[in-house]
Amino acid sequence: MHLLRHSRFFSILALLLLPCLLLAACGRPDSASGSVAASGTSWYNMHIFPDHGGWAITSRGILHTDDNGNTWHVVTPPDLRTRKSFVGLPFSFWNSQVAWFVSQGETQYIQYGQKQVPDLARTFHSTDGGKSWQSGSIPDTASTYSDIRSGAGFLLNSFKQLQPQGENRKVITVHSISATDPQHAWITVSSVNWHTGGGSESISLVYLRLWQTGDGGQNWQMRWENKDKNYPYYGSFWTYFVTSTTSLMGTTQPTNVLLSHDGGQNWQEKTLPAPKLTAQVLQVSSLGHPTFFDTTHGVVTIQQYEPNQHYRFFPFVTSDGGQSWQAVASLELPSARSGAQIMYLDRQHWIASGDGMLSRSDDGGAHWQQLKLSANFLTIDSFSFVTNQEGWGISQEPASSAKLPDLSNLVHTTDNGKTWTTVPYRIL
């Protein structure tokens, strides 16, 4: 009798739970295939190549696709899977199978009498779409923090200062990575010392360096160094290698670019024919990374932020590998959010993003046509075009609630940016 009563109870309980189980199953589509819900993923950078493969950096980590962005696989290197954020991760997408990433180490607090293993910046390199990774460390790239407790005097109850009173931070920054083939790449690194204490603060340059690898990032050799403490540490410090010998470097002066013909060991300064800019304007201007369409034709742009929440772009083109530059028409874009961007599809077709609009040029920047975005998109940037007509971008879309941030998503166009549709992608 007791057994029968218990049997009836469990039968009723099963009937009550059945709808819940069905709802839970419906709420996990594609669970058998390992797919996860893509909503809520923040997109930072993306590039899709003509062979349908591509890469992306997102809040989920590093992704790879083989079908034009419809399906993505999480391919984050094992050593980066615990990383808290992937925003600002230096990268180079060389083709659909080859990519480079750089991860900076955590700042280490120096403790007297304790041996610490330096947390160096590391590179991660894949040649098979993220199925496997090679990694290597960049020498002397450990950021450190020290104060009075880091020295022997504090532990020995001696108040004699063995170092300047206050705090010292050695800040390492990896600014850029540029690759010319699956094995050769160059990285720009700066080291700056910040000292605070005694009622003052001082900042001094430790070094600017250019590192090179020829074995896929397993080993790095220093190619160039600047230790002039009077040299400003801020600015657009990047390198762009057109070939293994010809390269350009950004400087602290946005109107100047450096050119090298020996793999980055020696540099000559080239001045861009920019309009006369005041010292105040130069402080809010930067020189963007160049784009080269072949070994001789390229473009580089000065980006100026104006106080009225606008960006002004001054593009310059070269037809002799960077020896000389010519200005084309400037462009002004409204942008109160994350900034504005110009993407160069080829020598003639350019596209630029601003708040609620895009600008296109079909004649190498001589003339621009404005396109208004639909109300579904606040901005679209991080463009990746495979033809003059078809391309992808990352959109910023209005938040679904006043308490939520704007959403980012993957979008697609087949008419050179006139109309965009959200890609219904899956992440596996």
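Rule-based calculations on the coordinates, nothing more; no lab input. Computed from a predicted structure; not experimentally measured. No Cβ is skipped: glycine too gets one built from the backbone with ideal geometry, and neighbour counts run over all protein chains shown.
Quick notes on this structure:
- Paramagnetic reach from Gln253 (point 7 Å along Cα→Cβ, amide N under 18 Å) across segment 188-228: 226-228
- Order of Asp66, Asp294 under a 10 Å beta carbon neighbour criterion, fewest first: Asp294, Asp66
- Under 5 Å from the amide H of Trp72 lie the amide H atoms of Arg426, Ile427, Leu428, each residue being 5 or more positions distant or on a separate chain, with H modelled from the backbone and absent for Pro and chain starts.
- Note on Glu201 and Ser324: the extension gain reaches 40.2 nm, defined as 0.36 nm multiplied by sequence separation minus the Cα-Cα distance.
- Proximity of backbone amide H atoms, modeled 1.01 Å from N, is registered between Ile62 and Val75, Thr76 at under 5 Å, excluding neighbours fewer than 5 places apart on the same chain.
- Fully extending the segment from Asn193 to Lys276, taken as 0.36 nm per residue of separation minus the present Cα-Cα distance, adds 26.6 nm.
- Close amide H pairs (under 5 Å, H built 1.01 Å from N) link Arg223 with Leu210, Trp211, Gln212, residues at least 5 positions away or on another chain.
- Packing, as the average of other Cβ atoms within 10 Å across residues, places the peptides 260-266, 91-97, 372-378 in the order 91-97, 260-266, 372-378, highest first.
- Neighbour-count ranking [beta-carbon atoms within 10 angstrom, fewest first] of Met343, Met249: Met343, Met249
- Around Asn45: net Lys/Arg minus Asp/Glu count, Cβ-Cβ under 14 Å: 0
- Over 21 Å between alpha carbons, listed pairs Lys170/Lys229; Lys115/Lys170; Lys115/Lys227: Lys115/Lys227
- If R0 is taken as 41 Å, the Cβ-Cβ distance between Lys418 and Asp294 corresponds to a FRET efficiency of 0.90.
- By the count of neighbouring beta-carbon atoms within 10 Å, fewest first, Lys115, Lys170, Lys418 end up ordered Lys115, Lys418, Lys170.
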